[in-house]
Every structure is written in structure tokens, then in C-alpha cells.
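Since the structure comes first, as C-alpha cells, the remarks are kept for the end.
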Amino acid sequence: MKYKIGEKIQFTQTSIIETNKGKKVKIKKGDEAMVLRRVDDECGEIIYMTGEAAGLSQVIAIEVDGELNADYFAKKIMEDL
């Protein structure tokens, strides 16, 4: 599955990630992240939006389409008006 920039991802399994500083953070089932950018053909960068990892970013193995999630950005603009 290809994801668009700005698309939200909801995690279906609980896992633990390690930050650059060595701290371990638990990602729980149901936590959300947003796709930030395409790194290459096989990887993309996400930022965690909820849970213990909120605010942290990570490069993970997902396919990212170069297109923006226009519906998401239009909604955010309308909310801010």
C-alpha cells in the first residue's frame, strides 16, 4: 500500500522503538502517526501524533507516494480560518 504525505497511520500492533538517545518508547495498538515525507522508494518518515511517542519522528519501511493528502490539508486550513 502506498501512503500520501499527510496521511494518518493507525498502528494495529503494540511494539517498542528505540530513540536516537537510547530511550525505549512503547507504541500501543491504536496510536497514530502522520506521513511526513518520502525518503526513498522503500522508506518514509513519520511523526507520532498520539501515545508515549507523540512528537517523535522515525524513518520506517513504507512506500510513500509523492502526492499530498489534499483532503487532510484542506480540512486543516478550514479549521484554522
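The values are calculated or read from the model by the stated rules, or taken from the named source; none is laboratory data. It should be emphasised that the depicted structure is a prediction, and the values quoted were computed from it without experimental measurement. With ideal geometry, Cβ positions are generated from the backbone for all residues, glycine too; neighbour counts draw on all protein chains shown.
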Could you please find all residues in the stretch 24-50 being of a type in the set (Val, Ile, Thr) and either on the phi > 0 side of the Ramachandran plot or in a loop (DSSP other than H, G, I, E, B) (or both)?
-> 39, 50
Looking only at the stretch 12-23, which residues are in a strand (DSSP E or B) and either small (Gly, Ala, Ser) or closer than 17 Å to residue 67 by Cβ (or both)?
-> 15
Take the residues of the stretch 20-39 that are at pLDDT 90 or above and more than 19 Å from residue 6 (Cβ to Cβ): which is surrounded by the most Cβ atoms within 10 Å (Cβ to Cβ)?
-> 27
By residue number, the members of the stretch 52-81 that are outside any strand (DSSP E or B), surrounded by fewer than 17 Cβ atoms within 10 Å (Cβ to Cβ) and in contact (Cβ under 8 Å) with a residue 12 or more places away in the chain are 52, 61, 72, 73
Just for the stretch 72-81: of the residues that are of a type outside the set (A, V, I, L, M) and at pLDDT 80 or above, which one is nearest to residue 40 (Cα to Cα)?
-> 75
